[in-house]
Amino acid sequence: EAPRETPAGVRYGNGARLASTMLVSAQGTLVETGRALDFAFTAANQWFRVQVANANGDTTIGYTRAGNFSVTPMDGRLALVTSDGRPVLDEANRPIEFPTGTTGFQLSQTGTLTATDASGAVVARVNLGVTAIDRPQLLEAQGDNVFTLPDVPGAARELNGNLRGQIGVKQGALEQSNVDLGEEMVGLMATNRAYQLNARAISISEQMLGLINGMRSS
């Protein structure tokens, strides 16, 4: 057994800080929007793959469940991007682009996006990059509902090829927050009560030490 590295007895700290947060990965409620480029997963722990750039300009793969996408002109074509401008990736992790003049979009339940022009002719068909994350607590927040994942074996599975049949996604809808405000408020009140109890215990401990010091001095 390793020897104790801290002194025995009551230890005094220097305040409180947030140690960690827990990601809630439960399926949220879907709201119909009717917008062609709004996509929502109908299965938990499935994520769209997007391109994330760091401060050095290097790119890596990020993950998001926020499917409020749009198209923006880029190098003479239309790029599919997230609400904050990050490129959306296909099953081969390439940014998704469409020809200029694309006006219509149709998404299948398994994530195949078909693009058409004003005449209804098909101009592109791509498979959205979708990943099943089996260990969502390893996700690291990057802001704007985008996360990255460390390279840990068994943490995620790219749903490509035959695995695309597992994908569940709906067009014209968005997933709402999966946080239960009532439950979170109850938890907050319980935490507050526990903090008050601990603060009271420390106060009583200080009073007892004061009495002991007073008895010694007398």
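Sort through Val10, Val31 and tell me the only one that's modelled with pLDDT under 95, exposed (fewer than 11 other Cβ atoms within 10 Å of the Cβ) and either assigned to a strand (DSSP E or B) or not polar (S, T, N, Q) (or both). Walk me through how you get there before you give the answer.
On the way: Val31 fails: exposed (fewer than 11 other Cβ atoms within 10 Å of the Cβ).
Of Val10, Val31, the one residue that is modelled with pLDDT under 95, exposed (fewer than 11 other Cβ atoms within 10 Å of the Cβ) and either assigned to a strand (DSSP E or B) or not polar (S, T, N, Q) (or both) is Val10.
Hey, Gln142 hits all of (1) assigned to a strand (DSSP E or B); (2) modelled with pLDDT of 95 or more but one; which does it fall short on?
(2)
Out of segment 38-75, which residues are surrounded by 22 or more Cβ atoms within 10 Å (Cβ to Cβ) and among the small types (Gly, Ala, Ser)?
If the condition is that a residue be surrounded by 22 or more Cβ atoms within 10 Å (Cβ to Cβ) and among the small types (Gly, Ala, Ser), then Ala40, Gly62, Gly67 are the ones that fit.
For segment 166-182, name all the residues that are in a helix (DSSP H, G or I) and either surrounded by 10 or more Cβ atoms within 10 Å (Cβ to Cβ) or touching a strand residue (DSSP E or B) at 6+ places or on another chain (Cβ under 7 Å) (or both).
Scanning segment 166-182 gives a single hit, Gln166.
Quick one: which residue in Thr114, Thr102, Thr110, Thr131 is surrounded by 15 or more Cβ atoms within 10 Å (Cβ to Cβ), closer than 21 Å to Ala173 by Cβ and in contact with a strand residue (DSSP E or B) (Cβ under 7 Å, 6 or more places away or on another chain)?
Numbers: Thr114 fails: surrounded by 15 or more Cβ atoms within 10 Å (Cβ to Cβ); Thr102 fails: closer than 21 Å to Ala173 by Cβ; Thr110 fails: in contact with a strand residue (DSSP E or B) (Cβ under 7 Å, 6 or more places away or on another chain).
Going through Thr114, Thr102, Thr110, Thr131 in turn, the sole match is Thr131.
Could you tell me which residue of segment 105-125 is farthest from Ala79 (Cα to Cα), considering only residues that are outside any loop (DSSP other than H, G, I, E, B), more than 24 Å from the chain's Cα centre (by Cα) and aliphatic (A, V, I, L, M)?
Taking segment 105-125 and keeping what is outside any loop (DSSP other than H, G, I, E, B), we get 105-107, 112-116, 122-125.
Next, from what is left, pick out any that are more than 24 Å from the chain's Cα centre (by Cα): 105-106, 114-116, 122-125.
With aliphatic (A, V, I, L, M) added as a condition, the list becomes 115, 122-124.
Numbers: Ala115: 12, Val122: 17, Val123: 14, Ala124: 12 Å.
Selected residue: Val122.
The values are calculated or read from the model by the stated rules, or taken from the named source; none is laboratory data. The structure displayed is predicted, hence computed values, not measured ones. A quick note on method: Cβ atoms are made from the backbone with ideal geometry, for glycine too, and the neighbour counts reach across all protein chains shown.
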